[in-house]
1. Tell me the per residue accessible area of the chain using a 1.4 Å probe; a whole number in Å² is fine.
2. Compute the FRET efficiency between residue 234 and residue 3 as 1/(1 + (r/R0)^6), taking r as their Cβ-Cβ distance and R0 = 45 Å, and round to the nearest 0.05.
3. Based on the alpha carbons, how large is the Rg to Rh ratio for the chain when Rh follows Kirkwood?
4. Report, in whole Å, the centroid distance computed from the Cα atoms of region 25-64 and region 244-265.
5. Test of understanding: what is the full-extension gain from residue 82 to residue 68, defined as 0.36 nm times their sequence separation minus their Cα-Cα distance?
6. Once the piece of chain linking residue 146 and residue 209 is laid out straight, how much longer is it, given 0.36 nm per residue of separation minus the C-alpha distance between them?
7. Evaluate the Debye formula for region 46-204 with equal point scatterers sitting on the alpha carbons, no solvent, and hand back log10 of I(q)/I(0) at q = 0.09, 0.16, 0.18 Å⁻¹, in q order, two decimals.
8. Exposed loop sites here are GluC sites (Glu not before Pro) in DSSP loop states with at most 15 other C-beta atoms within 10 Å. What is the longest stretch of the chain lacking them?
Amino acid sequence: VLAQMRKTRPELVILQHAPAAGLDAFPLLAALGAAEETRAAARIVVLPDQNAEWIDLALRLGASDIVLPRMSAAEISARAAALLARTAALCALRQRLHRDLRLAHLDPLTGLRNRRALDIHLPRILAEGRLAALMMLDIDHFKAVNDRFGHPAGDRVRREIAQRLEAVAAPTDLLVRYGGEEFCLLRPDTDRPRASVLAETLRRAISAAPVPLGGGQQVHLTMSVGFALQTEDQAWLPERLIAAADTALYRSKAAGRNCVRLHAA
């Protein structure tokens with residue numbers, strides 16, 4: 001019964017508790033509350049009499065309402081309708097909360113994750129002691145794009161750059177727009193050789209082809225990359241790893257841009 005309910009995800013379940021007839025509702029009631037697929041369903045328990053212990057147990061196991069023999073069919077129907085309406089309202093509220101939480105972690109311009117997502121995932125990965133590479137990526141001479149073509153063109157550039165980076169990133173990577181024309185990529189479970197190859201691939205993805213601006217215009221761009229590693233011998237606090245990758249990015253800029261630099265511990 002529970003397996004079937006988990007497949008159908010019912011909105012309302014009515015359980016009859018009648019020990020004299022061999023019907024024990026309480027184990028199934030507890031299982032419905034424990035299963036993720038049925039936890040949100042309203043659960044009505046029908047009792048044979050007003051037994052205080054049964055009522056208390058049913059409520060403690062998650063019953064949404066209790067039905068007793070003295071209640072009329074109209075009252076039971078009204079209670080069920082009220083429970084369904086409340087369940088629907090709670091479901092809609094949860095969906096809005098999930099949507100708002102997801103949007104709170106997205107950059108509206110590029111559709112990538114934002115810094116809030118990095119603040120959540122980076123500490124967890126570092127605390128687990130996993131190998132990880134954190135890359136800071138910055139569009140070279142981006143201000144010149146805004147000055148020459150205007151800010152709408154600059155927005156198109158950032159969206160195009162985000163798409164190119166996303167095409168290179170793996171499903172397990174966390175790619176974020178860090179701010180302005182700066183991006184950040186976190187790749188867990190990687191070592192220095194693989195991280196170096198990834199950084200070069202990201203850099204080349206930007207310089208390989210001009211960025212179209214519309215109206216027949218286009219602009220050639222490059223990207224500077226700096227990265228730092230958490231290794232088996234080098235553990236980092238999140239803010240220190242970010243600072244290390246940022247320092248490597250400044251070294252890349254100082255070296256003439258359009259290149260990759262690794263933070264030297």
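The values are calculated or read from the model by the stated rules, or taken from the named source; none is laboratory data. Keep in mind the model is a prediction, meaning the values are calculated, not measured. Quick reminder, even Gly has a Cβ in these numbers, built from the backbone with ideal geometry, and neighbours come from all protein chains shown. When the accessible area is computed, the model is the full protein with side chains, heavy atoms only, and any ligands, DNA or RNA have been set aside. Shrake-Rupley method; radii C 1.70, N 1.55, O 1.52, S 1.80 Å.
1. On the way: 14470 Å² over 265 residues.
For the chain, the per-residue accessible area is 55 Å².
2. On the way: r = 49 Å, r/R0 = 1.08.
Here the calculated transfer efficiency is 0.40.
3. On the way: Rg = 28.4 Å, Rh = 22.8 Å.
That ratio is 1.25, to two decimals.
4. 61
5. Details: separation 14, 0.36 × 14 = 5.04 nm, distance 1.70 nm.
Gain in length upon complete extension: 3.3 nm.
6. Details: separation 63, 0.36 × 63 = 22.68 nm, distance 1.91 nm.
Using 0.36 nm per residue and subtracting the Cα-Cα distance, I get 20.8 nm.
7. -0.54, -0.95, -1.11
8. Values: sites that count: 11, 36, 37, 128, 232.
No qualifying site falls inside 129-231, the longest such stretch.
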